[in-house]
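Below is one structure; the comments refer to it alone.
Where a number appears in this text, it was derived from the coordinates with a stated rule and is not lab data. Here the structure is a predicted model, which is why all the values come from computation and not from measurement. All Cβ positions, glycine included, derive from the backbone under ideal geometry; neighbour counts span all protein chains shown.
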2 protein chains.
Amino acid sequence: MVKKNKARCTGCPISYALDTFGDRWSLLIVRDILIKGYQTYSEFQLSDEKIATNILRDRLRELEEFGIITKSKDPTNGRRVLYKLTPKGADIAPLIIEMVRWSAKYDPDTLAKESTLKKIENDKEGFINDLKARVKQDK
Amino acid sequence: MVKKNKARCTGCPISYALDTFGDRWSLLIVRDILIKGYQTYSEFQLSDEKIATNILRDRLRELEEFGIITKSKDPTNGRRVLYKLTPKGADIAPLIIEMVRWSAKYDPDTLAKESTLKKIENDKEGFINDLKARVKQDK
């Protein structure tokens with residue numbers, strides 16, 4: 001994966017972001033941790049998008065290689081692995097929030113909650129900081 | 001493509017955004033129009049990422065189907081086709097700007113200009129509005 005990234009690297013910041021986490025499944029995993037508070041492999045499998053196990057395994061490995069997530073043993077259950085966002089990963093939050101805003105505007109079938117959207121419009125920075133703080137507390 | 005999108009649709013706003021323009025190449029095309037001011041097929045081929053012609057053709061078609069771009073004849077050259085962002089497409093700007101900010105922070109080899117980053121940090125809304133206004137003027 002690092003090799004693939006190196007080959008593509010053009011110095012363009014948009015290209016860099018897309019090479020690092022711009023895969024659909026990767027961003028859904030970041031969403032699962034950031035918004036849904038998921039931390040385990042089996043939780044990721046619960047998501048409505050039904051990620052295949054081989055893709056999930058592959059994307060978790062890539063996200064770890066790119067420093068977006070870390071893997072650790074659950075202190076309450078040594079056989080369970082917890083996936084958490086690094087500060088670099090949590091900093092994807094503003095981008096995810098812009099996705100939410102865009103979709104809420106253009107998707108007639110959106111399930112984005114009115115109350116959440118209001119919170120974002122009233123205080124976007126505060127909303128993002130709350131999300132990031134929650135991820136941090138989980139550590 | 002519409003069928004594929006329908007099949008994936010979960011109502012989640014992040015999933016909707018990813019299904020609509022979340023492909024790496026699609027977002028690079030949006031970047032080319034929004035940031036670089038490209039409008040033609042041959043301009044898109046100039047980009048450093050070297051998009052293959054079949055992928056370019058395919059993604060332009062998809063972006064048009066999803067209402068992100070429109071296709072029109074160049075009034076100064078009837079044989080040339082111009083691709084422009086719709087308002088829905090231009091509204092992807094905030095998301096692209098968050099990608100720029102994230103990469104500028106984490107990519108040691110970023111080519112993002114210091115002056116551009118300063119403008120974004122000082123007045124993000126203004127920067128985004130300028131980008132969108134420029135795209136609009138091109139019409």
For this session: Say whether the condition of being among the aromatic types (Phe, Trp, Tyr) and farther than 18 Å from residue B:20 by Cα is met by at least one residue in the range B:100-119.
Result: yes
For this session: For the range A:42-58, state whether one or more residues are surrounded by fewer than 14 Cβ atoms within 10 Å (Cβ to Cβ), touching a residue at least 60 places away in the same chain (Cβ under 8 Å) and more than 24 Å from residue B:26 (Cβ to Cβ).
Result: no
Exercise. What are the residues in the range B:90-111 that are under 26 Å from residue A:125 (Cβ atoms) and not aliphatic (A, V, I, L, M), if any?
Worked result: B:91, B:94, B:98, B:101, B:102, B:103, B:105, B:106, B:107, B:110
Exercise. Would a scan of the range B:80-87 turn up a residue that is within 16 Å of residue A:13 (Cα to Cα) and under 18 Å from the mean Cα position of the chain (by Cα)?
Worked result: no
Problem set entry | Residue pairs meeting the criteria (Cβ under 6 Å; at least 6 apart or on separate chains; first within 13 Å of chain B (Cβ to nearest Cβ), in the range A:106-132; second of a type in the set (Phe, Trp, Tyr)) | A:107/B:16; A:120/A:127
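This table checks each residue for (1) surrounded by fewer than 16 Cβ atoms within 10 Å (Cβ to Cβ); (2) of a type in the set (Lys, Arg); (3) under 15 Å from the mean Cα position of the chain (by Cα).
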{"site": "B:61", "(1), (2), (3)": "yes, yes, yes"}
{"site": "B:73", "(1), (2), (3)": "yes, yes, no"}
{"site": "B:103", "(1), (2), (3)": "no, no, no"}
{"site": "B:106", "(1), (2), (3)": "no, no, no"}
{"site": "B:110", "(1), (2), (3)": "no, no, no"}
{"site": "B:113", "(1), (2), (3)": "yes, yes, no"}
{"site": "B:117", "(1), (2), (3)": "no, no, no"}
{"site": "B:120", "(1), (2), (3)": "no, no, no"}
Exercise. Can you find even one residue in the range A:15-38 that is touching a helix residue (DSSP H, G or I) at 6+ places or on another chain (Cβ under 8 Å), surrounded by fewer than 20 Cβ atoms within 10 Å (Cβ to Cβ) and over 15 Å from residue A:96 (Cα atoms)?
Worked result: yes
